[in-house]
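Beneath this line is the structure, given in structure tokens, with notes to follow.
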Amino acid sequence: MDMASYLRFLLALVFVLGLIALLVWVVRRFGPAGIALKASGRNRRLAIVEVAPVDARRRLVLVRRDGVEHLLLLGAGNDLLIESGVAAPDKPVLQEPRP
């Protein structure tokens, strides 16, 4: 193999690693819910209100269904319902902007 083949291989490897890094950035920036397809033209009954990471493998997810919220702990091989049947607030709670 000559030097041009090694250079072509190296450039292809850098390109693929760059694509993987771009995909990771997009998923972290917008989250899985931001990538999911949105239902249009009808009232949505199910929504993810908030997601909070607990550690590297687990996260707390607040899900709203028909005006009732449910708190779930997802990850680490098992899922757990923490709290169910919490009435959703009428007005959305405003969050402070992140620094």
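The values are calculated or read from the model by the stated rules, or taken from the named source; none is laboratory data. Owing to the predicted nature of the structure, the values given are computational and were not obtained by experimental measurement. Backbone-built Cβ (ideal geometry, glycine too); neighbour counts: all protein chains shown.
For the reader, a short list of remarks on this structure follows.
- Evaluation of A56 against the conditions (1) surrounded by 10 or more Cβ atoms within 10 Å (Cβ to Cβ); (2) at pLDDT 80 or above; (3) assigned to a loop (DSSP other than H, G, I, E, B) shows that the sole unmet condition is (1).
- Scanning segment 73-94 for residues that are in contact with a Leu (Cβ under 6 Å, 6 or more places away or on another chain) and either at pLDDT below 80 or surrounded by 13 or more Cβ atoms within 10 Å (Cβ to Cβ) (or both) turns up just one, L73.
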